[in-house]
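The values are calculated or read from the model by the stated rules, or taken from the named source; none is laboratory data. It should be emphasised that the depicted structure is a prediction, and the values quoted were computed from it without experimental measurement. With ideal geometry, Cβ positions are generated from the backbone for all residues, glycine too; neighbour counts draw on all protein chains shown.
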Amino acid sequence: MTLPKIEEWIKEVENRPQSAQTILKLIYGRLKDLTEQNEMLQAENIALQDGSRVEQYRKHAAALEYQLDLLKRRFGLNQTELAALTAEPAAIPQALLLYNTHGRLLRIETSLKTGTFARLHGELSVAGEAARLLSVAANEELLLLFSSGRISTCPVEEITLQPSGGEWSLEQAALPDEPHGGEHLVCITPISRLALADFFLQSSRRGCIKKTMTSISETIFENHYLGKGTVQKMDQPFDLTLCLKKELFVLATYEGRLLGLEVDGLSYALEERIRLDATDHVVAGFIIHPDELLLCMTQSGKVISRSAGFIEPAKSTTAHGQALISPARLEQGVRFIGAAAARETDRAALLDAAGNLSIHPVGDLTGAGAVQNGSPLLAFGIVPAPAEKQSRPLV
């Protein structure tokens, strides 16, 4: 509303008194809008004066700067290159991070040779939970998720790199964030790509899924809390991954069930998405792309591989999933220890019950259909080929 407009309306009332009521309603509506805007500006001014809004802006700027720093460190980009996102990532050495539910982390240099490259002593399983593996680059940032829903972050470079060929114990490994009373470490996720991702995806042992927008990561990191992601008392958080829209998320279970879920169809509310028997539980949750293979590993070293196209996205909210282990094999005690997305040029890392940590080309595993091992396998996962220069979680 401008002064000339008001003068025009006044003249209209003088010339045609019958239009006065309509014009007064227009003026009243406009004055009401201006009053509300004025109150908002006054509140904004008060917030700026007492510092609360300034602190809010400061926290938001700090969160954006943190995500920017993660990208710059991970890809080795300067400001101009980051804006264009055209530079190729630098070749960053990869290592294996071995961790357990007590929060102990051991970072071991990977070997380029096939076979055993490290040995571990001590307890490799805690309360039935085997130690887990993660392939990481030296400039990665890690997010630690605890059973309480609490989170913390830790740069990989703060964890001492142990040379391959040695013998190590998790009891003497690094403890970047000791679990608080009653909680335990459930998973570790690389987050250098946080600014490029659309969602966090949480999965539980009983197949509950929750999607959270990364746009609220500022609040998540400020509160150090993401949530447990469970609905049953007997359930517990299991995995966390970053993903994009239109991707395919896969769950694999101990008794050989496989479930594909389209990310766009997942809910922001916690949902149970796979119907499991009481003896079954989730052993892997990951994103798979059309050019990748699905690779599943049993405790006896049997390898089951399928193309990504084999996975049928589930339509039902409580599907049973596709069966990859036959009833006869289940009767014999065959079970999955893990599953992952892989390419033929990748390598697989294996941890057995005797503490041997070994590397095997994925092409060799898919060709042979099994790996010869003297002890039952506890953990399995994928080490990306050097050309990919990215981190992938291992089960």
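Just one residue in the set VAL126, VAL136 is aliphatic (A, V, I, L, M) and closer than 26 Å to ASP346 by Cα; that residue is VAL136. Filtered by the rule that a residue be in a strand (DSSP E or B) and touching a Gly at 6+ places or on another chain (Cβ under 9 Å), the range 146-167 gives PHE146, GLU167. Might you check whether a residue that is crowded, with 23+ Cβ neighbours inside 10 Å and modelled with pLDDT under 95 occurs anywhere in the range 261-270? Taking every residue of the range 261-270 in turn, none turns out to be crowded, with 23+ Cβ neighbours inside 10 Å and modelled with pLDDT under 95.
May I ask you to verify whether LEU196 is hydrophobic (A, V, I, L, M, F, W, C) and within 18 Å of VAL231 (Cα to Cα)? Judged against the criteria, LEU196 is not a match.
Selection over the range 133-169 of residues that are of a type in the set (Asp, Glu) and surrounded by fewer than 21 Cβ atoms within 10 Å (Cβ to Cβ) gives a count of 3. Number of residues in the range 168-211 that are assigned to a helix (DSSP H, G or I) and acidic (Asp, Glu) equals 1.
Taken together, LEU124, LEU143, LEU134 contain a single residue that is assigned by TED's automatic domain parsing to the domain that holds ASN356 and modelled with pLDDT of 95 or more, which is LEU143. Cβ-Cβ contacts under 7 Å between residues 6 or more apart (or on different chains), taken from a first residue in the range 146-163 that is assigned by TED's automatic domain parsing to the domain that holds SER204 to a second residue that is among the aromatic types (Phe, Trp, Tyr) and assigned to a strand (DSSP E or B), are listed as GLY149/TYR225; ARG150/TYR225; ILE151/TYR225; GLN162/TRP168. Only one of (1) among the charged types (D, E, K, R); (2) under 20 Å from PHE286 (Cβ atoms); (3) more than 23 Å from the chain's Cα centre (by Cα) fails for LYS211. Which number is that? So the condition that LYS211 fails would be (3). One residue alone among ALA328, ALA341 is farther than 27 Å from GLY115 by Cα and in the same structural domain as THR279 (by TED's automatic domain parsing), and that residue is ALA328. Looking only at the range 281-291, decide whether some residue is closer than 26 Å to ASN373 by Cα and either free of Cβ contacts under 8 Å to residues at least 60 places away in the same chain or surrounded by fewer than 21 Cβ atoms within 10 Å (Cβ to Cβ) (or both). Yes, the range 281-291 contains at least one residue that is closer than 26 Å to ASN373 by Cα and either free of Cβ contacts under 8 Å to residues at least 60 places away in the same chain or surrounded by fewer than 21 Cβ atoms within 10 Å (Cβ to Cβ) (or both). Take the conditions outside any strand (DSSP E or B), closer than 28 Å to GLU141 by Cβ and modelled with pLDDT of 90 or more and apply them to THR366. Does it pass? No; evaluated as a whole, the condition is false for this residue. Set side by side, the residues LEU194, LEU175 differ, and just one is surrounded by fewer than 15 Cβ atoms within 10 Å (Cβ to Cβ), aliphatic (A, V, I, L, M), more than 30 Å from ARG257 (Cβ to Cβ) and assigned by TED's automatic domain parsing to the domain that holds HIS224, which is LEU175.
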